[in-house]
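> Structure below; questions to follow.
The values are calculated or read from the model by the stated rules, or taken from the named source; none is laboratory data. Quick caveat: nothing in here was measured; it's all calculated off a predicted structure. All Cβ positions, glycine included, derive from the backbone under ideal geometry; neighbour counts span all protein chains shown. Remember, those area values only see protein heavy atoms, side chains included, never the ligands or the DNA or RNA. Shrake-Rupley method; radii C 1.70, N 1.55, O 1.52, S 1.80 Å.
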Amino acid sequence: MVPMSPYRDPRAPGGRSNRPSRKQRASTKKAPTGTGETSDAHVSGGVRLQKVLAEAGLGSRRACEQLILDGRVEVDGNIVTELGTRIDPETQSVYVDTLRISTSKQKVYLALNKPAGVVSTMKDPEGRKNLADYVGNRAERIFHVGRLDTDTEGLILLTNDGELANRLAHPRYEIPKTYLAQVKGQLAKDASARLKAGIELDDGIVKVDEFRLVDSTPGRSVVELTLHSGRNRVVRRLLAAIGNPVERLVRTQFGPISLAEQRQGKIRPLRSDEIGELFEAVDL
């Protein structure tokens, strides 16, 4: 089943097209001069920009050189066209086609397909299986972005980038999450309308952004819903409130990151374009 999402699934920088680009939102960007002059972004003793781009997964060194020559690379807000430019990848911000690229070797960005029964913490005093069991013996302090109930499966993000983690979890940015739920019973005809209009729960009204029926058999239905609320057990409470208690729940999408074909219990590093999409979603 293919999850609905308010995002495209780009495979290269700049692939996202359903919201204004960073360049469209900015009005003071410098245009490439084509003169080959050394950029203000240059740091003596730094790392060559094309090497930084290649190590970030943007392609071969030669392909990254072409990105620079084409005026598609920005460092700290300045378009760079000089191949001799050196930067500090740990402190400077690099964008390709207006999408920010993660250049720090110290930062870790991971996606886990969490199985049911795993506790969404990095340590459990009761000795239950938890997220730390999947990240290995890393020296970095890893944070999980948001939580999933112990019985809920699916996508959870892990990173040591505290600023990104905090913003992704903050209600201000309204990051949408998509879930696939197997529920008891048949859906009422007005189920979608009620959920989109808002359901009164014990901690206030919650609305879903998108809702659809995926499959239905006697006594059981499969539905997909997208919402940006991060309240505790909110999906289970919403579906119970319309008379369809959840039997199984899987998160398939977190903002621009999709579970896709990732197998249960597997962890993977995010691609450079996925990291850039997360940065843009929270205005980093």
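> Of the numbered conditions (1) open to solvent by less than 40 Å² (accessible area, probe 1.4 Å); (2) under 22 Å from the mean Cα position of the chain (by Cα); (3) at negative phi, residue 246 fails exactly one; give the number of that condition.
Against the list (1) open to solvent by less than 40 Å² (accessible area, probe 1.4 Å); (2) under 22 Å from the mean Cα position of the chain (by Cα); (3) at negative phi, residue 246 comes up short only on (2).
> Checking the condition in a loop (DSSP other than H, G, I, E, B) and either open to solvent by less than 30 Å² (accessible area, probe 1.4 Å) or among the aromatic types (Phe, Trp, Tyr) (or both), which residue from 104, 44 passes?
104
Conditions (1) within 14 Å of residue 246 (Cβ to Cβ); (2) touching an Asp or Glu at 6+ places or on another chain (Cβ under 6 Å), marked per residue:
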{"residue": "185", "(1), (2)": "yes, no"}
{"residue": "196", "(1), (2)": "no, no"}
{"residue": "202", "(1), (2)": "no, no"}
{"residue": "212", "(1), (2)": "no, yes"}
{"residue": "215", "(1), (2)": "no, no"}
{"residue": "218", "(1), (2)": "no, no"}
{"residue": "226", "(1), (2)": "no, yes"}
{"residue": "229", "(1), (2)": "no, no"}
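> Given the range 176-284, what helices (runs of 4 or more DSSP H) lie entirely inside it while holding 1 or more residues that are farther than 20 Å from residue 152 by Cβ?
Passing ranges, in order: 191-197, 272-281.
> Say we look at the range 132-152 and pick out the residues that are within 17 Å of the chain's Cα centre (by Cα) and closer than 16 Å to residue 233 by Cα; which of these is most open to solvent (accessible area, probe 1.4 Å)?
Taking the range 132-152 as the starting set, the residues that turn out to be within 17 Å of the chain's Cα centre (by Cα) are 142-148.
Keeping just the survivors that are closer than 16 Å to residue 233 by Cα gives 145-148.
Values: 145: 2, 146: 31, 147: 146, 148: 11 Å².
Once the filter is applied, the top-ranked residue is 147.
> If you go through the range 57-79 one residue at a time, do you hit one that is out of contact with any Pro (no Cβ under 6 Å at 6 or more places or on another chain), among the acidic types (Asp, Glu) and part of a loop (DSSP other than H, G, I, E, B)?
Taking the range 57-79 as the starting set, the residues that turn out to be out of contact with any Pro (no Cβ under 6 Å at 6 or more places or on another chain) are 57-70, 72-78.
Narrowing the set further to residues that are among the acidic types (Asp, Glu) leaves 65, 70, 74, 76.
The next check asks that each one be part of a loop (DSSP other than H, G, I, E, B); those that pass are 70, 76.
Checked against the condition, which is being out of contact with any Pro (no Cβ under 6 Å at 6 or more places or on another chain), among the acidic types (Asp, Glu) and part of a loop (DSSP other than H, G, I, E, B), the range 57-79 yields at least one hit.
> Of the residues that sit in the range 116-131 and are surrounded by 15 or more Cβ atoms within 10 Å (Cβ to Cβ) and under 20 Å from the mean Cα position of the chain (by Cα), which one is modelled with the lowest pLDDT?
122
> Yes or no: residue 233 in contact with an Asp or Glu (Cβ under 9 Å, 6 or more places away or on another chain) and open to solvent by 40 Å² or more (accessible area, probe 1.4 Å)?
yes
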